1. Quick one: which of Gly7, Gly59 is small (Gly, Ala, Ser), in a helix (DSSP H, G or I) and at negative phi?
2. Please work out if Thr37 is hydroxyl-bearing (Ser, Thr, Tyr) and in a helix (DSSP H, G or I).
3. Scan Glu54, Glu11, Glu63, Glu79 and give me the residue that is among the charged types (D, E, K, R), in contact (Cβ under 8 Å) with a residue 12 or more places away in the chain and in contact with a Leu (Cβ under 8 Å, 6 or more places away or on another chain).
4. Determine whether Thr70 is at pLDDT below 95 and outside any helix (DSSP H, G or I).
5. Among the numbered criteria (1) open to solvent by less than 40 Å² (accessible area, probe 1.4 Å); (2) touching a helix residue (DSSP H, G or I) at 6+ places or on another chain (Cβ under 7 Å); (3) modelled with pLDDT of 95 or more, which one does Gln25 miss?
6. Please determine, by comparing only the residues of region 1-17 that are open to solvent by 80 Å² or more (accessible area, probe 1.4 Å) and among the polar types (S, T, N, Q), which one is modelled with the highest pLDDT.
7. Would you check if there is a residue in region 79-89 being part of a helix (DSSP H, G or I), open to solvent by 50 Å² or more (accessible area, probe 1.4 Å) and among the small types (Gly, Ala, Ser)?
Amino acid sequence: MTHTVPGYIGEKHAVLNRLRRVEGQVRGLQRMVEDDTYCIDILTQVSAVTRALENVALGLLDEHMRHCVTDAVRAGGEEADEKLTEASEAIARLVRS
């Protein structure tokens with residue numbers, strides 16, 4: 001299977017910014033635990049971090065579908081089947097997480 005330019009390349013800066021924000025949220029969670037913050041407050045923040053990561057994942061999946069999968073389907077053949085299977089498996093992983 002050929003991997004060319006990633007579908008998110010036009011959004012790379014925005015994706016990196018979102019991931020850096022998530023990283024900051026996780027560091028904040030660590031501080032909350034170190035400071036013996038109330039459990040429910042920590043759980044609320046865990047939920048926010050989870051949603052933020054899900055949004056990053058959904059954005060990457062959207063770009064993958066619009067770029068990589070669309071190009072492969074246009075080309076047809078075995079690569080189209082591989083890209084569709086790959087996308088389907090990625091969606092299944094996201095649904096399970």
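The values are calculated or read from the model by the stated rules, or taken from the named source; none is laboratory data. Quantities reported herein were computed from a predicted structural model and do not represent experimental measurements. A quick note on method: Cβ atoms are made from the backbone with ideal geometry, for glycine too, and the neighbour counts reach across all protein chains shown. Calculation scope for accessible area: heavy atoms of the full protein, side chains included, ligands and nucleic acids excluded. Shrake-Rupley method; radii C 1.70, N 1.55, O 1.52, S 1.80 Å.
1. Details: Gly7 fails: in a helix (DSSP H, G or I).
Just one listed residue meets the conditions, Gly59.
2. Values: hydroxyl-bearing (Ser, Thr, Tyr): yes; in a helix (DSSP H, G or I): no.
Here the answer is no, as Thr37 does not meet what is asked.
3. Glu54
4. no
5. Failing condition for Gln25: (1).
6. Looking at residues that are open to solvent by 80 Å² or more (accessible area, probe 1.4 Å) and among the polar types (S, T, N, Q), I get Thr4.
7. yes
Table: residues versus (1) under 21 Å from Ile9 (Cβ atoms); (2) at pLDDT below 90; (3) exposed (fewer than 15 other Cβ atoms within 10 Å of the Cβ).
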position	(1), (2), (3)
Leu53	yes, no, no
Leu61	yes, no, no
His64	yes, no, no
Arg74	yes, no, yes
Ala92	no, no, yes
Ser97	no, yes, yes
